[in-house]
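K.L.:
Before I ask anything, here is the structure I am working with.
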Amino acid sequence: MVKQIMVRDEIYRRLMEIKGDGSFSDAINFLLDANMDRVRISSISALAQAIEKQNKLLEELLYEVRRLNSKLGIATPAAPTTINHATHVTPVTDENLPSYLRDNPWVSILAAKK
């Protein structure tokens, strides 16, 4: 379906330059696609900036929590960066325990903590 639109002379001249041997529809479609790409890039950039700002805030909060914990004498364990696979907890296998407690590693950890 063909539609007619009115444009100023300057806009018409610019569209003529862009379309070259193609159609006005192709020229307008090209400009719309280019604009959508710019909008997407702008949105991604804004999201990246928001994430960076949030990360800075989280780092500041973590610093404050650690500072307050040190004032209160509370040890703040560092977040593990690697898992130590050498650590082994012997499961409690007492047959007299209920099934949900048998072979439960937390029971073994708590039992070892006297």
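K.L.:
Listed residues Val107, Val39, Val65; which is at pLDDT below 75 and part of a helix (DSSP H, G or I)?
P.N.:
Exactly one of Val107, Val39, Val65 is at pLDDT below 75 and part of a helix (DSSP H, G or I), namely Val107.
K.L.:
Here is a list: Ala86, Ala75, Ala50, Ala79. Which entry is farther than 30 Å from Val7 by Cβ, within 23 Å of the chain's Cα centre (by Cα) and at pLDDT below 80?
P.N.:
From the options Ala86, Ala75, Ala50, Ala79, the qualifying one is Ala79.
K.L.:
Can you list residue pairs whose Cβ atoms sit under 9 Å apart, with the first residue in the range 30-45 being among the aromatic types (Phe, Trp, Tyr) and the second being in a helix (DSSP H, G or I)? Count only pairs 6 or more apart in sequence or on different chains.
P.N.:
These pairs meet every condition: Phe30/Ile18; Phe30/Lys19.
The values are calculated or read from the model by the stated rules, or taken from the named source; none is laboratory data. Treat the numbers as computed from the prediction; the structure is a model and nothing was measured. No Cβ is skipped: glycine too gets one built from the backbone with ideal geometry, and neighbour counts run over all protein chains shown.
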